[in-house]
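**Q** Quick one: this structure, given as structure tokens, is what I'll be asking you about.
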Amino acid sequence: MTRNATTTTTTTTTATLAPASAPAPAPAPTTSALSLSRTTATAARVLRQLRHDPRTIALLILIPCVMLFLLRYVFDGSPRTFDNIGASLLGVFPLITMFLVTSIATLRERTSGTLERLLAMPLGKGDLIAGYALAFGALAIIQSALATGLAVWFLGLDVTGSPWLLLLVALLDALLGTALGLFVSAFAASEFQAVQFMPAVIFPQLLLCGLFAPRDTMHPALEAVSDVLPMSYAVDGMNEVLTHTDMTATFVRDVLIVGGCALLVLCLGAATLRRRTA
């Protein structure tokens, strides 16, 4: 009987001292595919950071204007040449600058650990990419408006169509550059590598877009490649404004293709976005 009492006491003591089972971990916060409040908060954060970086602001806003200004006086003795290529470059310069700045800025967020901390919060990849696109898109509006105004009303770029259509194409090109920069930043491990993507992503489009030679005079293989590059349609759209007084069906097609490519690349950027650099 004493042995049974001792056994009972031991069992009771063991049960009392047994640690309570750990509570189940709280489920990770779920986020919807896209939230307006989270997207605008991300865009506001990016704009606050850029406000304290005057060199980046200068690169985004002033460099396209400076390049157009230089180009105008390079062809000072042949204004017609400036008219022929100035409209096309009005779309090319914003695309290049937005590509460089966006790819480096996004990579800097990842290497500093900011991106990992943000994605640990209730913030989806779509919110982050859309926020970046919104912030840089706001800068692209300013950039495109200044460059278009400078080219048309100060440098005397002669266009047959409406300057507002030039502004529309320039803005879409800048957004395309933003989308491409966000996308390629996922594959770079350093800012130097991000810059190295420029010859692979931008230069082939620059050579094949019809800026240096009409696309229909190229080798058939190169012409076929140019048909799938978005910059080709950006240049075609600019040329439509240069030579037609009204909005043409070709212009609408070109604008839709450039805008669609920008949206597609943004979706790819959200799908390939990584928290940290390997």
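The values are calculated or read from the model by the stated rules, or taken from the named source; none is laboratory data. This one's a predicted model, so the numbers in the text were calculated from it and none came from an experiment. Don't worry about glycine lacking a Cβ; one is built from the backbone with ideal geometry, like all the others, and counts go over all protein chains shown. With ligands, DNA and RNA removed, areas are computed over all heavy atoms of the protein, side chains included. Shrake-Rupley method; radii C 1.70, N 1.55, O 1.52, S 1.80 Å.
**Q** Could you tell me which of the residues Val184, Val252 is of a type in the set (A, V, I, L, M) and at pLDDT 90 or above?
**A** That would be Val252, the only listed residue that is of a type in the set (A, V, I, L, M) and at pLDDT 90 or above.
**Q** Is it the case that Leu176 is open to solvent by less than 30 Å² (accessible area, probe 1.4 Å), among the aliphatic types (A, V, I, L, M) and at pLDDT 90 or above?
**A** So Leu176 fits the description; yes.
**Q** Can you tell me how many residues in region 211-220 are part of a loop (DSSP other than H, G, I, E, B) and either charged (D, E, K, R) or at pLDDT below 90 (or both)?
**A** Residues that pass the stated criteria total 4.
**Q** With the requirement that a residue be within 23 Å of the chain's Cα centre (by Cα) and open to solvent by 30 Å² or more (accessible area, probe 1.4 Å), what does region 58-90 give you?
**A** Ala58, Leu59, Leu62, Ile63, Val66, Met67
**Q** Could you say which residue among Ala271, Ala194 is surrounded by 21 or more Cβ atoms within 10 Å (Cβ to Cβ) and under 21 Å from the mean Cα position of the chain (by Cα)?
**A** Going through Ala271, Ala194 in turn, the sole match is Ala194.
**Q** Is it fair to say Glu223 is under 21 Å from Leu166 (Cα atoms), open to solvent by 30 Å² or more (accessible area, probe 1.4 Å), among the acidic types (Asp, Glu) and assigned to a helix (DSSP H, G or I)?
**A** When the stated conditions are applied, Glu223 does not pass them.
**Q** I've got another one for you. Can you tell me which condition Val228 does not meet? The list is (1) open to solvent by less than 80 Å² (accessible area, probe 1.4 Å); (2) under 22 Å from Leu175 (Cα atoms); (3) among the aliphatic types (A, V, I, L, M), and all the others hold.
**A** (1)
**Q** Collect the residues in region 228-258 that are over 16 Å from Leu167 (Cβ atoms) and charged (D, E, K, R), keeping them in residue-number order.
**A** Once the filter is applied, which keeps residues that are over 16 Å from Leu167 (Cβ atoms) and charged (D, E, K, R), region 228-258 yields Asp236, Asp246, Arg253.
**Q** Something else now. Go over the candidates Leu157, Leu168 one by one and state the one that is assigned to a helix (DSSP H, G or I) and either exposed (fewer than 15 other Cβ atoms within 10 Å of the Cβ) or at pLDDT 85 or above (or both).
**A** The conditions single out Leu168.
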